[in-house]
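Please read the structure below before turning to the comments.
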Amino acid sequence: MTALVAYATHSGATRTLAETLADALREAGLDCDLVDLEEAPDPSGYDAVVLGSGVRVESIEKSAAAWATQHADALRTRPFAFFSCSGSASDPAKGGKQKATDAFLATLDHTPVATKNFPGWVLMDRIPLHERVLLKSMRTPTGDFRDLPAVAAWGREIAPLLQG
Ligand SMILES: Cc1cc2nc3c(=O)[nH]c(=O)nc-3n(C[C@H](O)[C@H](O)[C@H](O)COP(=O)(O)O)c2cc1C
C-alpha cells in the first residue's frame with residue numbers, strides 16, 4: 001500500500017522528523033513518498049496520508065492548514081495522521097499537548113487515526129533576524145530538542161492504523 005508523508009517547515013526540523021517517519025513506515029512495509037508541501041502533493045493518489053507541520057506563534061504552518069482544507073475530501077476518505085513539530089513540545093509541563101494542534105484538529109470534520117506533538121529545534125542561526133528578536137523577547141529556550149527514536153517508534157505504532 002502507498003502512503004504520503006507531506007510536511008511544512010520553515011527552519012527544517014519538521015523535514016527531519018518527516019524523513020525519520022517515512023523511513024520507519026517503509027521498514028513497516030509501506031510504499032512511502034516524502035514530499036514538501038511546497039510541491040503541492042495530491043493526497044488522492046495514496047492509500048494513506050500523514051501531514052506534519054512546524055508550529056509558529058501558536059499555529060501550524062498556514063500552508064499545512066490550507067492544504068488540509070483543500071484536500072479535506074481525500075483526507076476524510078483514507079487513513080490520515082497528523083504530527084506537529086514545536087519548541088514547547090520539549091516542555092514536560094505541557095504533557096504532550098500543543099495548542100496549535102488542538103486548534104487545527106478543531107477545524108477538521110474528520111478525526112485522524114493518530115496525532116502526535118513532537119519537539120523540534122529552536123536554532124537561532126536557522127531563522128531570520130526579526131524572528132530571533134521575537135524569540136529572544138519571549139525568552140524561548142533554544143537548542144535541538146528532537147527525539148528521532150520517538151518519531152521512529154510512532155511510525156511503527158501508526159503503520160497498522162494507516163494500513164487500515
Ligand atoms: C517565529 C517563531 C515562532 C514560534 N512559535 C512557537 C510557538 O508558538 N509554540 C511553540 O511551541 N514553538 C514555537 N516556535 C518553535 C518552532 O515550533 C520550532 O523551532 C520548530 O522546530 C519549527 O519547525 P520547523 O523547523 O520545521 O519550521 C516558534 C519558532 C519561531 C521561529
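The values are calculated or read from the model by the stated rules, or taken from the named source; none is laboratory data. All values reported here derive from a predicted model rather than from experimental measurement. Virtual Cβ from ideal backbone geometry, glycine too; neighbours counted across all protein chains shown. Just so you know, the surface numbers come from the protein's heavy atoms only, side chains and all, with ligands and any DNA or RNA stripped out. Shrake-Rupley method; radii C 1.70, N 1.55, O 1.52, S 1.80 Å.
The set of residues in segment 57-70 being at pLDDT 95 or above and within 16 Å of the chain's Cα centre (by Cα) consists of 59, 60, 61, 62, 63, 64, 65, 66, 67, 68, 69.
Filtering segment 7-49 to residues that are in a strand (DSSP E or B) and either within 13 Å of the ligand (Cβ to nearest atom) or at pLDDT below 95 (or both) leaves 7, 8, 36.
Taking residue 63 as the residue in question, decide whether it is within 21 Å of residue 10 (Cα to Cα) and within 8 Å of the ligand (Cβ to nearest atom).
Spelling it out, it is not the case that residue 63 is within 21 Å of residue 10 (Cα to Cα) and within 8 Å of the ligand (Cβ to nearest atom).
Scanning segment 1-10 for residues that are open to solvent by 40 Å² or more (accessible area, probe 1.4 Å) and small (Gly, Ala, Ser) yields a total of 0.
Take the residues of segment 117-164 that are among the small types (Gly, Ala, Ser) and farther than 26 Å from residue 105 by Cβ: which is surrounded by the most Cβ atoms within 10 Å (Cβ to Cβ)? Result: 143.
In this structure, is residue 93 of a type in the set (Gly, Ala, Ser) and over 24 Å from residue 24 (Cα atoms)? Here the answer is yes, as residue 93 does meet what is asked. Residue check: residue 111 meets all listed conditions (1) open to solvent by 70 Å² or more (accessible area, probe 1.4 Å); (2) in a loop (DSSP other than H, G, I, E, B); (3) touching a residue at least 12 places away in the same chain (Cβ under 8 Å); (4) away from the ligand (no atom under 16 Å from the Cβ) but one, namely (3). Just need a number here: residues in segment 54-67 that are surrounded by 22 or more Cβ atoms within 10 Å (Cβ to Cβ) and not in a strand (DSSP E or B). Of the residues in segment 54-67, 2 are surrounded by 22 or more Cβ atoms within 10 Å (Cβ to Cβ) and not in a strand (DSSP E or B).
One line per residue, one yes/no per condition, for (1) open to solvent by less than 60 Å² (accessible area, probe 1.4 Å); (2) farther than 24 Å from residue 140 by Cα; (3) touching a residue at least 12 places away in the same chain (Cβ under 8 Å):
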| position | (1), (2), (3) |
| --- | --- |
| 12 | yes, no, yes |
| 22 | yes, yes, yes |
| 25 | yes, yes, yes |
| 29 | yes, yes, yes |
| 42 | no, yes, yes |
| 48 | yes, yes, yes |
| 52 | yes, no, yes |
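In segment 77-104, of all residues being buried (at least 16 other Cβ atoms within 10 Å of the Cβ) and more than 9 Å from the ligand (Cβ to nearest atom), the one that is farthest from the chain's Cα centre (by Cα) corresponds to 78.
Can you pull out every residue in segment 114-148 that is part of a strand (DSSP E or B) and either touching a Pro at 6+ places or on another chain (Cβ under 6 Å) or closer than 16 Å to residue 13 by Cα (or both)?
116, 117, 118, 119, 121, 122, 143, 144, listed by residue number.
Based on this model, can you work out whether residue 101 counts as among the β-branched types (Val, Ile, Thr), touching a residue at least 12 places away in the same chain (Cβ under 8 Å) and assigned to a loop (DSSP other than H, G, I, E, B)? Spelling it out, it is not the case that residue 101 is among the β-branched types (Val, Ile, Thr), touching a residue at least 12 places away in the same chain (Cβ under 8 Å) and assigned to a loop (DSSP other than H, G, I, E, B).
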